[in-house]
1. With all distinct Cα pairs included, what does the Kirkwood hydrodynamic radius of the chain come out to in Å, to one decimal, could you say?
2. Go ahead and estimate [θ] at 222 nm for the chain from helices alone: -39,500 (n - 2.57) per DSSP H run with n ≥ 4, summed, over the residue count, rounded to 500.
3. Return the whole-Å distance between the Cα centroid of region 151-203 and the Cα centroid of region 1-51.
4. Relative contact order, percent, of region 8-237 when contacts are C-alpha pairs under 8 Å separated by at least 6 residues?
5. Which order do the peptides 222-230, 88-96 come out in when sorted by mean C-beta neighbours inside 10 angstrom, highest first?
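Read the figures in this text as sums done on the coordinates, not as results from a lab. This structure is a prediction, so every number in the text was calculated from the model and none was measured. Counting neighbours? That spans all protein chains shown, and the Cβs are built from the backbone with ideal geometry, glycine included.
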Amino acid sequence: MNRYQDQAVAVTGAVQGLARAMAERFAAEGATVALADREGEAVAKAAEALGANSRADAVDVSSSAAVEAWIADLDRTYGRIDALVGNAGIIRDNRAEDISDDDWQAVLDVNISGAFYGARAVLPVMRRRNYDRILSFSSMSWRGNFGQANYVAAKAGVVGLTRALALETARQGITVNAIAPGLIETPMLASINDRARDKLTAKIAMRHTGDPTNIAEAAAFLCSPTARYITGVVLDVDGGIGIGSSIR
Ligand SMILES: NC(=O)c1ccc[n+]([C@@H]2O[C@H](COP(=O)([O-])OP(=O)(O)OC[C@H]3O[C@@H](n4cnc5c(N)ncnc54)[C@H](O)[C@@H]3O)[C@@H](O)[C@H]2O)c1
């Protein structure tokens, strides 16, 4: 398939994990891919590995000024941004009473403010064309998860943001959706301990974790022209963990 021929796709949090798989998929289907990450050197290497039709920028998504400057530069360079994938995310897990102000604020700044700043900056570019896609990253955790009050609040915020933006953009042919991944094998998942990981895997209806390419497939569909009548949706890509208990 070549659904992204002549398109410019922008991805945040783009050094590793889900973003790497998505960037490879968009590039394989013909897109020029703009990668942004707070880790400047690492994102430059990621773009180099991706190939000629890519660029790298050091951008901290929790800075509205940095995000606005990045989007403005992409607009100047490409004259269009067909899809913005707001993927950057962090966790700082703890029981609520042990979450410091810093860990509360940092998780909200990256996961929800980052998604908002990207969407707010890109909308004027997208409204010029009566087309375009915004895809944000929620999590299966948005419904509630022990020890993640900050992350849950942020990822539930992404659901609300997605639905509100979808209403404000639908008449311009812009779609705004989110993916809620389950347990996917990335460096983020590697940071949880083996005991927690085994307990969580036992709750997945399919009884195994996911691969970043599972998310890339969903993203490549939702951001494609084919998905033009889908907006305001939060797509669970989670092996069934979000359905409910599968313990027999
Ligand atoms: N992996 C999973 O199982 C899983 C599950 C649910 C949701 N998610 C969500 O999917 C997204 C990607 O997850 P992942 O597993 O690939 O994560 P990851 O930790 O492997 O990668 C996250 C990337 O975001 C970058 N980043 C962090 N803070 C940033 C900032 N302020 N500005 C710019 N870049 C920043 C990091 O440098 C890193 O490259 C995140 O939003 C995450 O919350 C992941």
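1. Answer for the chain: a Kirkwood hydrodynamic radius of 18.1 Å.
2. Helix contribution divided over all residues of the chain: -13000 deg cm²/dmol.
3. Centre-to-centre distance over Cα atoms comes out at 19 Å.
4. Across region 8-237, relative contact order equals 20 percent.
5. With the highest mean Cβ count within 10 Å placed first, the list reads 88-96, 222-230.
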